[in-house]
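Participant: The structure under discussion is supplied below as structure tokens; questions concerning it will follow.
Each value in this text was obtained by applying a stated rule to the coordinates, not by laboratory testing. Remember, predicted model here, so these are calculated numbers, not experimental data. Neighbour counts run over all protein chains shown; Cβ positions are idealised from the backbone, glycine included.
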Amino acid sequence: MDLKIIKEKTALVVIDLQKGIVGRPCFPHSAEEVVNNASKLAAAFRKNQMPVFLVRVTPSADFKDRLSPIADQEMSGGGQFLPDWAEIVPQMGPAESDFLVTKRQWGAFYGTELDLQMRRRGIDTIILCGISTSIGVESTARFAYEYGYNQIFAEDAMAAGDAAEHRNSAEKIFPRMGLVRSTEDILAALQS
């Protein structure tokens, strides 16, 4: 299927490319590759005057919003964070035209104004990328699907803590919710 992007109705949503997360090992694409590809997408969106939403995750100062239900595997991050932990990596900006969204949970829609800001701008399609494929990106994608957004997943502009987790999302989950494409495919569609 040819990729067609309606520029006036499409936004880029970048998940958790922040200093505290990009420094962790990720697979099958390195954090450097993910940031490089995401920054290419962001540059193309800015050039075309299309919205870029940079999403970051950070707990409140008292950590009261941290989820801790009973689980077989506890999520890390229950204590100390470096002061710059939630800062977007410099390669991503933010540019003056970007929207910065701070989330407290996995998904970028829950408890934020992301949906409101996109609907006010007539956005019906999102291009999604970031770290971690199977957590922040997938949680955001599931909400976006339920809200009726068209989705394009930049497979090589996302990664997870484990290659199998990434593959499961990219090969089994995302094709049910949208289109999975490479950064180059998306950039080519933006130029046509």
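Participant: Out of these labelled values of volume of the Cα convex hull per residue in Å³, [x] 120; [y] 141; [z] 161, which was calculated from the coordinates shown here?
Facilitator: [x]
Participant: What is the sum of charges, Lys and Arg at +1 and Asp and Glu at -1, for the other residues whose Cβ falls under 15 Å from the Cβ of GLU184?
Facilitator: Charge balance in the 15 Å sphere: -3.
Participant: Tell me which lysines have Cα within less than 16 Å of LYS64's Cα, excluding those fewer than 8 residues away on the same chain?
Facilitator: LYS64 reaches LYS103.
Participant: Compute the Kirkwood hydrodynamic radius of segment 76-165, taking the inverse of the mean of 1/r over all pairs of distinct Cα atoms, and give it in Å to one decimal.
Facilitator: After inverting the mean inverse Cα-Cα distance, the result is 14.5 Å.
Participant: For ASP124 and ALA164, what does the FRET efficiency come to when R0 = 41 Å and r is the distance between their Cβ atoms, rounded to the nearest 0.05?
Facilitator: For ASP124 and ALA164, the calculated efficiency is 0.80.
Participant: With labels modelled as points extended 7 Å from the Cα through the Cβ direction, what inter-label distance (nm, one decimal) is found for GLN73 paired with GLU96?
Facilitator: With each label point 7 Å from Cα toward Cβ, the separation is 4.4 nm.
Participant: Tabulate in residue order the Karplus-calculated ³J(HN,Hα) for segment 181-189, using 6.51 cos²θ - 1.76 cosθ + 1.60 with θ = phi - 60°, rounded to whole Hz; enter x for Gly and Pro.
Facilitator: 9, 7, 4, 5, 4, 5, 4, 5, 5
Participant: Here's another thing I want to ask about it. For GLU146 and GLU8 in one chain, what is 0.36 nm times their gap in residues minus the Cα-Cα distance, to one decimal in nm?
Facilitator: Taking 0.36 nm per residue and subtracting the Cα distance, the gain is 47.5 nm.
Participant: Same structure, new question: Excluding residues fewer than 8 places away in the same chain, name every one of the lysines whose C-alpha is closer than 17 Å to that of LYS47.
Facilitator: Straight-line reach from LYS47, under 17 Å: LYS7, LYS9.
Participant: Among DSSP bridges having both ends in the chain, what percentage is antiparallel? Round to the nearest 5.
Facilitator: If we restrict to bridges inside the chain, about 10 percent are antiparallel.
Participant: Under a point-charge model restricted to the Cβ atoms of Lys and Arg (+1) and Asp and Glu (-1), what is the dipole moment magnitude of the chain relative to its Cα centre, in debye to the nearest 20?
Facilitator: 500 debye
Participant: Starting with the highest mean, order 89-100, 104-115 by the number of other Cβ atoms within 10 Å, averaged over the residues of each peptide.
Facilitator: 104-115, 89-100
Participant: Residue farthest toward the positive end of the dipole of segment 7-70, with Cβ of Lys/Arg at +1 and Asp/Glu at -1: which of ILE70, LEU12, VAL55?
Facilitator: The residue sitting most towards the positive pole is LEU12.
Participant: Next up: Expressed as an acute angle from 0 to 90° and rounded to the nearest 10, what is the orientation of the C-alpha long axis of helix 31-47 relative to the principal long axis of the chain?
Facilitator: The angle comes out near 40 degrees.
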